[in-house]
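Below: the structure, in structure tokens.
The values are calculated or read from the model by the stated rules, or taken from the named source; none is laboratory data. Quick caveat, the model's predicted, so the values are computed rather than measured. Here Cβ is always computed from backbone atoms with ideal geometry, including for glycine, and neighbour counts include all displayed protein chains.
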Amino acid sequence: MKNVLKTLLLASFATTTSGYMVLAQSCSIFAGNDTAFCMSPTTLNLNAQISGTLNSCSDISWTPQAGLNNPTILNPIATISSSIAYTVNASFPFGPNLIVNGDFEDGNIAFINTYSYNCPSSSAIVSNEYCITDNPNNVHPSAASCSDHTSGSGLMMVVNGATVFNSEVWSQTIPVSVNTDYSFTFWSMNWSSFTTYLPTFHIVINGIVQNQSFSINPLQCSWKESCLTWNSGSSTTATFQIINEVDYYSGNDFAIDDVVLQALCLASDTIQITVGDTINQMFDTTVCQGSLVSLFAASGNVSWLPSNGLNCDSCQTVTFAADSSIIYIASGVDSFCFFVDSFQISVDSLPFLLLPDDTFTCKGSEIQILAQGTSGVIWTSDSSLSCINCLNPIANPDTTTTYYVSTSNGMCEISDSITILIMNPPAIAFFPDTNICQGLNVILSLDTGYNYLWSPPQGLSCNDCAAPIASPDSTITYNVVVLDSGCITIDTITIFVSYNDSVNAGLADSICEGKSVQLAALGANDYLWSPSFSLNDANISNPVANPTTTTEYVVHGNDACGETADSVIIFVFKTPSVFSSYDSIIYCHSGVQIQVSGESTYIYHWLNSDLVDPSSTTISINPSSSEIYTLNVSNGMCDTLLTFPILVSNISSIVIPNAFTPNSDGVNDIFSIMDYCPISLKYFRIFNRWGQMIFETNDLTMGWDGNYKNIKCPIDVYVYSILALKQSGDALHLSGNVTLIR
């Protein structure tokens, strides 16, 4: 047993503002007394004990987890099959509660918040108010009758939720120790029957929002614990805030109790469970003939019988070569357990397997491996074998490869390997394709030391030499086969025969400005065009030209017979230049005018069929739906196509502000409907928080001035309800909140 105690310094103060002193204390966990067994497997109830209490932030972890039914509780059941040491690690709250009046039994003291204290209430606490009481029903007639969390008869903090997002429910500043882990918990419950807008809490510590949110149990009077852990770092004081994220007044009703801050204890302990060696520690087995076998006894105090074949008859571990079947007996005493066991070794013969000697083949060629064997085989291959479970596979490796094969008779396995050396084909520098002028010749010179075969023989001085003289009458491709050590290399050589002709640049052409045209020259092998800046490639026969002005292109052609030149003119015509102005979006069938301007010699043609004059430069349109208008402008040589998208908006909509300030300063004094094109208003109503209607109109131009019966209404959140008819006749319902600010 190893009981690890960790001393945790909680705090130490001579005096504090709250008038109490917290002294250094220690926390610990006890995993249990070490124990031992002679027989296994068995079960053992582990029962760790801690010096504190568990809460929802607590963490229990046993290691190793093997054999445990649940490694995350203090008292798991362990199934023991061999000696093992279990270590339990735990984190749990420890020591006194550092929160002052965390159970509210001292009333409304020692904490702050942004709510108003109304206790006892004359009728009922309202939004943004709270009371310290023993029953929510005491301060609100519609609240459930609930008891506190601590004792069932004590006090709690009863809250009617605020209508402000992220309101502070509770806050207190506490002295803390540096570099200490703490557990902060509080209990909350719902006392309202309205559960649509239940509160959600988060914690802020020293102004930093903690990345964790806590929900409330929707069942009335059902307390739920919320917990997080925090490290103080270099802080000596900490301000904890409980924040309510919900800002709705209906259903946002809850109670808080038992706010607790305790130091977090981190402790561990180990329990050693020892299982003594007994009989049945070894098992009978079958091995292959010639195998080296090792036998092991759990105790060093052992005697082996018979001793023949063993390297030692009293060693804890003995070895021998298995030539024939035999039974060995081991006996002895280990610690507190006596053991005796017999170990039968059955010997099985090896299967037969024979491979041919290592060999070679040409790269890219196949070769069959002729193996012999009495059983099925398995080859290990990189997919270059035709099969992996046959005796005589066909191999086609890319590089020199060693193939491994194994065979088994059911018990014993034998393996062997064969290496196939890959011979590379002749590596020579082939003569490149070339050009000659008709009537001339070329020597096709290749490396010597190899055997050659050329085809076809036409135009060659020889068809089996390394450097034949070629003098073909026309372009021809020769095939050449090179042989070396049984391996071959094949290649082709093309002789291009040129004739004494001139290069032709092609016919003149015309394009519109911004367009391109493909040139086409003939009569040469190599080409060079100029000027080159408007060409995609000046060194090919058919480049794409993109000139900005009329341009004459000159092409120089070169082949085996010499160089010639030619030229071609590309005429470039300008496209019409047109300007336009219009509004692309119209509302409520307001119509729009599209006007274009350009040269008077231009030809204008609108492609839309609904126009009165399709040749006019100005059109007035009032489409019922969104449409694209298209105009073609021509100068007789080139065209320009213009598009005018028109978006028609017939959307009936209502825009409502969420606040207004009726303070007679001429700015935002009236709460009214905006952007109502086009609707018909049935009613526009405003209610206070008690459901009383304080304003109504069916005039879209009218709004509320913040008064009711000529009396200014107070700053508050009011509810509006609107019913209108869209242009389509469909009803448009809208409701929401507006804040009156003065």
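Just so you know, in segment 242-299 the residues that are modelled with pLDDT under 90, aliphatic (A, V, I, L, M) and not in a strand (DSSP E or B) include one that is surrounded by the fewest Cβ atoms within 10 Å (Cβ to Cβ), and it is Ile279.
Within segment 409-462, being part of a loop (DSSP other than H, G, I, E, B) and closer than 30 Å to Ser381 by Cα holds for Asn409, Gly410, Met411, Cys412, Asn424, Pro425, Pro426, Ala427. If the condition is being under 30 Å from Gly562 (Cα atoms), surrounded by 14 or more Cβ atoms within 10 Å (Cβ to Cβ) and of a type in the set (Ser, Thr, Tyr), then segment 430-464 contributes only Ser461. Candidates are the residues of segment 33-58 that are surrounded by fewer than 17 Cβ atoms within 10 Å (Cβ to Cβ) and either of a type in the set (A, V, I, L, M) or not assigned by TED's automatic domain parsing to the domain that holds Asn97 (or both); the one that is modelled with the lowest pLDDT is Met39.
If the Cβ limit is 8 Å and pairs must be 6+ apart or interchain, which residue in segment 78-89 that is assigned by TED's automatic domain parsing to the domain that holds Ile29 and closer than 14 Å to Asn33 by Cα pairs with which residue that is acidic (Asp, Glu) and surrounded by 15 or more Cβ atoms within 10 Å (Cβ to Cβ)? What qualifies is Thr87/Asp269; Val88/Asp269. Across segment 343-387, the number of residues qualifying as of a type in the set (A, V, I, L, M, F, W, C) and either in a strand (DSSP E or B) or touching a helix residue (DSSP H, G or I) at 6+ places or on another chain (Cβ under 6 Å) (or both) comes to 12.
In segment 548-573, which residues are in contact (Cβ under 8 Å) with a residue 24 or more places away in the chain, loosely packed, with under 13 Cβ neighbours inside 10 Å and part of a loop (DSSP other than H, G, I, E, B)? Thr548, the sole residue that qualifies.
Per-residue answers, yes or no, for (1) in a loop (DSSP other than H, G, I, E, B); (2) in contact (Cβ under 8 Å) with a residue 24 or more places away in the chain; (3) surrounded by fewer than 22 Cβ atoms within 10 Å (Cβ to Cβ):
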site	(1), (2), (3)
Ala144	yes, yes, yes
Val158	no, yes, no
Ala162	yes, yes, no
Ser183	no, yes, no
Phe214	no, yes, yes
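Looking only at segment 496-520, residues that are under 30 Å from Gly636 (Cα atoms), touching a strand residue (DSSP E or B) at 6+ places or on another chain (Cβ under 8 Å) and in contact (Cβ under 8 Å) with a residue 40 or more places away in the chain come to 11 in all. Of note, Ile619 satisfies the criterion of being in a strand (DSSP E or B), over 50 Å from the mean Cα position of the chain (by Cα) and closer than 30 Å to Glu513 by Cα. Only one of the numbered conditions (1) outside any strand (DSSP E or B); (2) under 16 Å from Thr114 (Cα atoms); (3) among the β-branched types (Val, Ile, Thr); (4) touching a strand residue (DSSP E or B) at 6+ places or on another chain (Cβ under 8 Å) is violated by Val204, and that is (1). Taking each residue of segment 256-270 that is more than 9 Å from Ser183 (Cβ to Cβ) and in the same structural domain as Ser26 (by TED's automatic domain parsing) and looking for partners that are acidic (Asp, Glu) and surrounded by fewer than 22 Cβ atoms within 10 Å (Cβ to Cβ) with beta-carbon atoms closer than 6 Å, six or more apart or interchain, yields Asp258/Asp103. Scanning segment 410-429 for residues that are touching a Phe, Trp or Tyr at 6+ places or on another chain (Cβ under 9 Å) and either modelled with pLDDT under 80 or surrounded by fewer than 16 Cβ atoms within 10 Å (Cβ to Cβ) (or both) yields Ser415, Asp416, Ser417, Thr419, Leu421, Met423, Pro426, Ile428.
Against the test of being assigned to a loop (DSSP other than H, G, I, E, B), surrounded by 14 or more Cβ atoms within 10 Å (Cβ to Cβ) and at pLDDT below 85, the options Leu10, Leu74, Leu23 yield a single qualifying residue, Leu10. Counting only residues that are touching a residue at least 24 places away in the same chain (Cβ under 8 Å) and of a type in the set (Asp, Glu), segment 446-492 holds 3 of them.
For Ala545, indicate whether it is without any contact (Cβ under 8 Å) to a residue 24 or more places away in the chain, touching a strand residue (DSSP E or B) at 6+ places or on another chain (Cβ under 8 Å) and surrounded by 13 or more Cβ atoms within 10 Å (Cβ to Cβ).
On the way: without any contact (Cβ under 8 Å) to a residue 24 or more places away in the chain: no; touching a strand residue (DSSP E or B) at 6+ places or on another chain (Cβ under 8 Å): yes; surrounded by 13 or more Cβ atoms within 10 Å (Cβ to Cβ): yes.
Spelling it out, it is not the case that Ala545 is without any contact (Cβ under 8 Å) to a residue 24 or more places away in the chain, touching a strand residue (DSSP E or B) at 6+ places or on another chain (Cβ under 8 Å) and surrounded by 13 or more Cβ atoms within 10 Å (Cβ to Cβ).
Applying the criterion of at least 2 residues that are outside the structural domain of Thr630 (by TED's automatic domain parsing), at pLDDT 95 or above and among the aromatic types (Phe, Trp, Tyr) to the strands (runs of 3 or more DSSP E) found wholly in segment 642-742 leaves 679-687, 716-726.
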